[in-house]
There are 2 protein chains.
Amino acid sequence: MLDKVGTYEFIAEPFHCDFMGKMAPGHFCNALLNAADYHSNDRGFGIHYLKTIDRAWVLSRLCVEMNKMPLAYQHFNIDTWVESAMRHFTLRNFAIHSSDTVFAYGRSVWAMIDSVTRQPADLLSVNDGDIARYVESGRVCPIEQPSRVKMPTNSALATTIDTTYSDIDINGHVNSIKYIEHILNLWQPDWYAAHELKRIDIAYVAETHYGDKMSLYKADANDCFYVSAKRSRGNNVEETEVCRAKVVFK
Amino acid sequence: MLDKVGTYEFIAEPFHCDFMGKMAPGHFCNALLNAADYHSNDRGFGIHYLKTIDRAWVLSRLCVEMNKMPLAYQHFNIDTWVESAMRHFTLRNFAIHSSDTVFAYGRSVWAMIDSVTRQPADLLSVNDGDIARYVESGRVCPIEQPSRVKMPTNSALATTIDTTYSDIDINGHVNSIKYIEHILNLWQPDWYAAHELKRIDIAYVAETHYGDKMSLYKADANDCFYVSAKRSRGNNVEETEVCRAKVVFK
């Protein structure tokens, strides 16, 4: 049996860095999803095996709390482990570090669905509950659980964007990371030059498909920013919320 | 002395794949730029050393001719080498393959500039012309040179986009790969489901900065598509061409 904690090495690719030479937050979060994917595939409950039994993981919530963003060409390791596994949800944590630096911690909540019916599935029934053998409840992840993100009432439309070919990933809908990029694009480089990202919580609610328009509504309260993304289809003006994020800067 | 040809291994990350599970062209081209960067840094004429002498590489043209796009999780190698080095330009080639598959070939033209004056610099004077020792003129790259891309006269405005935080890279202007993504977003998933990308040539002419608007003009002629990207600033309606691309589908 493999270790409960998996460790994967990444590099802050130079062209994945922002104008200050820090790894762009979207690319950083993408590394977390890769680590989750490698860890679960290596242990027999990843999407490779799930595909054969019509099951799929769905990312429900993600939060990352930054201490320091890796700089261009820096190598870093992502430790990832399953903190707990219930019937319909599992909590997965991340610690991102090098030998002498703690860059960040992350937490995430994943649901399992039946990929044919799109209904919730029992993740403890996969491989006779194999995931439970990998639960690592002893290791501490010293940040708060990912928030459901409750929007303040004063939100206002910030922008509306068309979804494009490059937004859509292998799952056929807008990539989880692309939401983070679109949301963080609401701030300008001048802002980022003066304010480091401290924490982002994102709660995924529904899917956005190609051709949908996505409107981002922004609010602020108590030194935090809140963004709600809503999709609309064709000529239908009705909007469906697809995700909510809470963003805190230093 | 290192080999003239450098080989670097990459993986088609699952969330860098499009809705068909093929590596997205932008991410594929980004791997080429990484390989170029690693190769030149390893050999002493990369941006790490250049930064210390106020020099920088500028990508002037890039073309990629696809045989097959790597699928999610596929590993592939990029061989890259310098085909020739003149005073102001160098030609760098790419062969992208695994043990049993040739995925693509690429060619590129790079200029060197003085990073303070932004004027062309003599790349043969760097480290006493060290780059010349690495010229590999014997290896064949079996695709045509990258085109200057001449626009047909029938081009029409296809879209205008705002440049955002995530478009801007460590160089402070729109990332070379982001142009490719914006250009290829002019086609819809339905189109990609029926047409594989065969070749893209892109000629970079000027830089786009944060806050610029970018308008894409599209034309077709002789089974090829042509796209010209033009930037405009603030309330100034005058447009400056920043790049041109020729796109061929199978």
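When restricted to residues that are more than 16 Å from the chain's Cα centre (by Cα) and either at positive phi or in contact (Cβ under 8 Å) with a residue 40 or more places away in the chain (or both), segment B:31-43 contains 2. All conditions but one from (1) on the phi > 0 side of the Ramachandran plot; (2) in contact with a strand residue (DSSP E or B) (Cβ under 7 Å, 6 or more places away or on another chain) apply to B:CYS63; the one that does not is (1). As a summary of the residue check, B:GLY211 satisfies the conditions (1) open to solvent by less than 50 Å² (accessible area, probe 1.4 Å); (2) out of contact with any Phe, Trp or Tyr (no Cβ under 9 Å at 6 or more places or on another chain); (3) at pLDDT 95 or above except for the one numbered (3).
Hey, among the residues in segment B:144-169 that are within 14 Å of chain A (Cβ to nearest Cβ) and not β-branched (Val, Ile, Thr), which one's surrounded by the most Cβ atoms within 10 Å (Cβ to Cβ)? Only one residue fits best here, namely B:ASP167. Look through segment A:1-29, keep the residues that are of a type in the set (Phe, Trp, Tyr) and either out of contact with any strand residue (DSSP E or B) (no Cβ under 9 Å at 6 or more places or on another chain) or part of a helix (DSSP H, G or I) (or both), and return whichever of them is farthest from A:ALA245 (Cα to Cα). Within segment A:1-29, the match that is farthest from A:ALA245 (Cα to Cα) is A:PHE15.
If you go through segment A:196-219 and keep only what is closer than 19 Å to A:ALA104 by Cα and acidic (Asp, Glu), you end up with A:GLU196, A:ASP201. Taking each residue of segment A:176-194 that is at the interface with chain B (Cβ under 8 Å from one of its Cβ atoms) and looking for partners that are open to solvent by 40 Å² or more (accessible area, probe 1.4 Å) with beta-carbon atoms closer than 6 Å, six or more apart or interchain, yields A:PRO189/A:PHE19; A:PRO189/B:TYR210.
The requirement of being touching a Cys at 6+ places or on another chain (Cβ under 6 Å) and under 30 Å from B:GLY211 (Cβ atoms) is fulfilled somewhere in segment A:180-196, by at least one residue. Only a single item in (1) free of Cβ contacts under 8 Å to residues at least 12 places away in the same chain; (2) within 14 Å of another protein chain (Cβ to nearest Cβ); (3) surrounded by fewer than 20 Cβ atoms within 10 Å (Cβ to Cβ) is not met by A:VAL140, and it is number (2). For segment B:1-53, the tally of residues that are within 13 Å of chain A (Cβ to nearest Cβ), surrounded by fewer than 17 Cβ atoms within 10 Å (Cβ to Cβ) and among the charged types (D, E, K, R) stands at 3. Against the numbered list (1) more than 11 Å from chain B (Cβ to nearest Cβ); (2) touching an Asp or Glu at 6+ places or on another chain (Cβ under 8 Å); (3) touching a residue at least 40 places away in the same chain (Cβ under 8 Å), A:VAL205 comes up short only at (3).
The values are calculated or read from the model by the stated rules, or taken from the named source; none is laboratory data. Only a predicted model underlies this, so the values are computations on that prediction, with no experimental measurement involved. A quick note on method: Cβ atoms are made from the backbone with ideal geometry, for glycine too, and the neighbour counts reach across all protein chains shown. Side chains included, ligands, DNA and RNA excluded: accessible areas come from the protein's heavy atoms. Shrake-Rupley method; radii C 1.70, N 1.55, O 1.52, S 1.80 Å.
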